[in-house]
Structure formats: C-alpha cells, structure tokens
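To start, the structure itself, in structure tokens.
The values are calculated or read from the model by the stated rules, or taken from the named source; none is laboratory data. Fair warning: this is a prediction, and the values are worked out from it, not measured in the lab. Note that each Cβ is placed from the backbone with ideal geometry, even for glycine, and that neighbours are counted across all protein chains shown. With ligands, DNA and RNA removed, areas are computed over all heavy atoms of the protein, side chains included. Shrake-Rupley method; radii C 1.70, N 1.55, O 1.52, S 1.80 Å.
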Amino acid sequence: MGSNEKVKVPLFKMGDINGVVYVFFGNVGTFLVAIATLQGFGWPDDLIFGRVIPGISVGLLVSGLYYSWMAMRLAKKENRTDVTALPFGLSTPVAMVYLFSVILPLQFGLGLEPVDAWKATIAACFIGGVIEACGGFIGPWIRKWVPRAAMLATVGGIAVCWLATKGLFNVYALPLVGLPVLLVAMLGLIGGYKLPKKIPPLLVALVAGVILALIFNATSITADSFAMLGKFTAPIPAIGELIAGFGKILPVLVAIIPVEIYNFIETMDNVESAIAAGDSYNVREAQIFDGVATCIGALFGAVLPNTVWIGHSGLKRAGCGVGFAWVSGILFAISGWFGIFRFLNDLIPFVVVAIVFLWCAQLIVAQGFVDTPRRYGVAIVVGFIPHIADILYTQTTAIFQGVGADMTEEALAASVNGGAFWYGIEALKNGAIITGMLWAMTICFIIDRSLLKSAFVMFLGAVLTFFGVIHVGELGVHLTTSTINLVIGYLMAAAVILLFHLFRNKLEFERRYDNV
C-alpha cells in the first residue's frame with residue numbers, strides 16, 4: 001500500500017460484537033436498577049417508560065453516533081483501520097448519586113409529587129451536563145489538587161449505604177430466589193470462576209433468577225408485558241418541564257457539583273487510558289461532548305448523565321473498531337422507545353436487580369481501595385461516615401412519618417436515652433457528599449505531610465458551612481448558634497493543623513504510611 005493511499009475504515013466488523021455486548025448489555029443492569037428505584041419512589045410507569053427511559057436513550061444514541069464519528073475521524077487522520085471507539089454509557093456510581101442524593105431528597109425532603117420531582121431532576125441533570133462540559137477546561141486542575149481517593153471515598157459511601165444495604169436486604173426478603181442467585185453472580189463476578197462456553201455469569205444469574213421467581217410465584221409474564229413490547233414511545237422534548245424544574249434544584253446543587261466533578265475526571269482518566277492504548281483522542285473534546293450529550297438527554301426527560309466508560313484497552317484487544325459504538329447507540333434507542341426495557345423490568349424480579357445493586361456497590365468500593373495508594377485507606381473509610389449519617393437520618397424520619405409521629409425534641413431525647421444515635425447526625429447528613437470528600441481530603445493531606453493543604457480544607461469547610469453548602473441543608477448566610485459553632489469548630493481545627501505545621505521541625509512523628 002502506498003504511503004498516500006487512504007485506507008477504508010469498516011463501519012462494523014466481527015470484533016465489534018464484543019463491544020456491543022460490553023456497552024449495551026453492561027448498561028442494562030443500570031437501567032433496571034434505575035427503573036426499580038424510581039418505581040420504589042412511587043413514580044408511575046407512564047412517567048418512567050414514557051419520558052425518563054426514552055430521554056436517557058436519546059442521550060446514549062447521540063453518544064454512540066458521536067463517538068463512532070470521533071473514531072472515524074481519528075482513523076482517517078492517522079490512516080489506520082485499527083482505531084477503537086470510546087466505550088460509553090451510564091456511570092453506575094453517578095447514577096446512584098442522582099437516584100439517592102438528588103431525586104430522593106427532592107421528592108421526599110421537599111414533599112414533591114413524582115412529576116414535580118422529575119421536572120426538578122431533569123433540570124439538575126441539565127446543570128450536571130454543563131458542569132461535565134466545563135470539565136474539559138477545569139478537569140486537569142481539579143485532578144491535580146483533589147486526591148482521587150477523596151472522590152472515590154464519597155462515592156463509595158453512597159454505594160455502601162444505599163446500594164449494598166438495599167441489595168442484601170432484598171436478597172434476604174426473598175431468600176429462596178435471592179440467596180442461590182446471589183452466589184451464582186458472586187462466584188463468577190467476584191470469585192472469577194469461568195462458566196462453560198464463556199457465558200457471562202451475570203446473564204446466568206439473571207436467567208436463573210427469573211426461573212426461580214416463576215417457580216416461587218415471585219414474578220409473572222403477563223399479557224400487558226407482551227403488549228407493550230414493540231409499542232413505539234417517542235421521546236418528547238421536555239423543555240418547558242425542565243425550565244419549571246430550575247426553581248426547585250437549589251437544595252441539591254451541593255450533591256450535583258461534586259459528583260459531576262467525579263464524572264468528568266473519570267471521563268478524563270478513561271480517555272487518557274485510550275490514548276495510552278494507542279488511540280490519541282482529544283480529552284477535552286470527549287469531556288465537553290459528555291456534557292453536551294447529558295444536556296440533550298435532559299432536554300428529552302433523562303434524569304441520569306452520560307460518561308465515557310473504562311475498558312477501552314480491553315475492547316481494543318478484542319478487535320473492536322468504530323462500529324460497536326453506533327450499533328450500541330441504536331440498540332439503546334430501540335430498547336428505550338419500543339418497550340424492551342419495560343419488558344425486561346416486568347420479567348426480572350426486583351430481588352435479582354438487587355443483586356446487581358450489591359455487585360455494583362462492591363465494584364465501586366473496591367475501586368477506592370484498589371485504584372488509589374494503600375496509605376489512603378483510612379481516609380476513604382472516614383469519607384463513608386457522612387453517608388452513614390444520611391441513611392440513618394432518612395430511615396429514622398421515614399419511620400416517624402410512617403407511624404404518624406412528630407419528631408419533637410422530647411421524642412428524639414427519649415430515643416437517645418434509649419440508646420439511639422441521633423445528635424450530630426442531621427448536621428453530617430446535610431451535604432454528605434461534600435463533607436465526606438472534605439474529610440477524606442484532609443486525612444489524605446495529613447498522611448502526605450501536606451499540612452497547609454489540610455488546614456485549607458478545614459478553612460474551606462468553615463466557609464461552606466457558613467453559606468449552607470454543608471451541614472445546614474439550605475444555601476444562604478446562616479447565623480444560627482449551631483451553624484456558628486460548626487464554623488468556629490472548623491476554624492479551630494484549621495488552627496490546630498497550622499500549629500503542627502509551624503512547629504513541624506520540633507515534633508517527632510512515626511512514618512506509618514510512607515511505604516504503602
């Protein structure tokens with residue numbers, strides 16, 4: 001072949017089948033988890049399958065087409081046929097944050113009806129997309145200054161408290177189905193046992209779960225399920241609803257901002273992994289388009305953002321080209337617009353979806369401890385604690401509301417006298433995502449002997465508290481006694497760290513984490 005001869009880049013090749021399996025079927029579990037969670041929140045099926053799922057599918061369709069085009073451009077520019085498109089989809093950690101730290105407090109904290117909560121969430125998702133796009137410009141700076149362990153700590157806290165607990169609780173609610181299926185999934189996914197003919201263990205677990213659920217009458221295939229299969233539900237623009245939702249999202253901005261920072265840094269890392277594998281994509285372009293695709297999805301009713309997935313190098317080794325991305329995008333559209341996701345949701349019992357919850361939680365938490373230096377382990381654990389406060393507060397208030405009781409000071413004092421944990425929980429609950437990140441950052445910097453940075457984080461905690469970003473639950477200037485006490489406490493903590501910094505040459509310390 002002459003040096004000036006242009007190669008023909010195939011739109012699809014056999015190796016792309018591996019990419020379709022990875023991207024499309026890898027996202028099905030997150031779709032089912034999101035559907036089951038929204039149904040648990042009381043969202044009607046017409047809203048979930050008529051607006052939310054079609055909207056999410058629009059965003060993923062756009063992503064699939066764009067990343068194929070991006071790969072085709074790179075292949076033509078470098079005159080190569082072995083370029084692999086970027087894998088993409090719904091980030092499971094980010095999806096869980098939106099479900100439990102955006103939608104849940106919007107709906108139940110503000111007392112919104114599901115439709116109003118949806119309007120607020122698509123507005124939040126749109127703003128999240130804008131923040132994602134900004135990552136193309138500020139991402140390198142944030143990654144330089146914020147330890148990865150701090151971001152993974154706060155996401156891991158959400159996984160432990162909301163995913164892992166909900167998953168295992170539901171397994172034990174229906175043990176005849178849940179326990180054997182859980183072990184099938186864990187043996188394959190966690191234990192690494194290979195099944196005959198390389199059948200995916202999660203697929204076996206899903207099929208086995210459906211069969212057992214049918215045997216024990218835990219699910220059924222109804223005529224309505226089949227009737228909806230193939231029925232076209234067009235994605236409808238939700239611009240008016242999105243505008244109406246902007247007025248309600250102020251309380252959850254403190255959750256959206258840090259998780260989208262996590263999201264665009266994940267995209268940056270995953271694109272740089274693709275560059276290391278030989279495909280020199282523009283990192284900024286991918287980050288910006290992630291945000292654009294998220295905004296497009298939100299304009300059609302989506303409540304979850306898009307992201308570039310990890311796994312590019314594995315897909316490249318499997319012979320994937322540009323085709324799997326556009327094919328996966330079209331499959332998302334077909335499944336979301338023609339009732340396939342609805343049929344799967346009706347067929348697969350919630351206990352089986354709960355197993356996906358538990359598996360996702362394991363992966364998220366493990367990432368925090370495996371993909372960061374071992375010395376940061378203690379920081380990650382502390383980052384979990386605000387999320388424990390969050391779920392304790394949420395469950396306790398739900399119990400009081402369920403029995404029609406008021407959470408009076410007398411009732412709470414009686415509960416504390418009976419041995420319940422309460423005082424301090426509400427303060428930690430508000431802004432748990434940022435609080436967990438701040439504490440993980442502080443400890444990471446202490447471990448690294450960067451005391452000035454630790455002091456700055458504590459000072460930042462005082463500022464964020466004063467303006468209601470953390471601990472208060474409402475943005476604004478707050479001069480209550482409890483808030484001022486927290487602000488002064490953070491400032492005193494910053495002063496303590498500064499004193500240690502000033503006298504560091506006169507202090508002895510044990511080098512506990514230098515070699516890990």
(request) With the condition kept exactly as written, say whether any residue in segment 40-52 is assigned to a helix (DSSP H, G or I), over 18 Å from residue 116 (Cα atoms), in contact with a Gly (Cβ under 8 Å, 6 or more places away or on another chain) and open to solvent by less than 10 Å² (accessible area, probe 1.4 Å). (result) no
(message) For segment 435-486, which positions are touching a helix residue (DSSP H, G or I) at 6+ places or on another chain (Cβ under 6 Å) and among the hydroxyl-bearing types (Ser, Thr, Tyr)?
(response) 435, 442, 454, 465
(message) What pairs come out if I take residues in segment 439-468 that are more than 20 Å from residue 507 (Cβ to Cβ) and pair them with residues that are among the hydrophobic types (A, V, I, L, M, F, W, C) and open to solvent by 50 Å² or more (accessible area, probe 1.4 Å) whose C-beta lies under 6 Å away, six or more apart or interchain?
(response) 462/491; 465/486; 468/475
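This table checks each residue for (1) among the polar types (S, T, N, Q); (2) open to solvent by 90 Å² or more (accessible area, probe 1.4 Å); (3) more than 18 Å from residue 343 (Cα to Cα); (4) part of a loop (DSSP other than H, G, I, E, B).
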| position | (1), (2), (3), (4) |
| --- | --- |
| 176 | no, yes, yes, no |
| 179 | no, no, yes, no |
| 182 | no, no, yes, no |
| 185 | no, no, yes, no |
| 188 | no, no, yes, no |
| 194 | no, yes, yes, yes |
| 197 | no, yes, yes, no |
| 208 | no, no, no, no |
(request) Return only the number of the condition from (1) under 16 Å from the mean Cα position of the chain (by Cα); (2) in a loop (DSSP other than H, G, I, E, B) that residue 28 does not satisfy. (result) (2)
(request) Kindly check whether there is at least one residue in segment 111-119 that is assigned to a helix (DSSP H, G or I), within 19 Å of residue 292 (Cβ to Cβ) and out of contact with any strand residue (DSSP E or B) (no Cβ under 6 Å at 6 or more places or on another chain). (result) no
(request) Evaluate the following for residue 379: is it in a helix (DSSP H, G or I), at pLDDT 90 or above, surrounded by 23 or more Cβ atoms within 10 Å (Cβ to Cβ) and in contact with a strand residue (DSSP E or B) (Cβ under 8 Å, 6 or more places away or on another chain)? (result) no
(request) For residues that are in contact with a Leu (Cβ under 7 Å, 6 or more places away or on another chain), open to solvent by 20 Å² or more (accessible area, probe 1.4 Å) and at pLDDT 80 or above, scanning just segment 238-261, find the one that is nearest to residue 98 (Cα to Cα). (result) 248
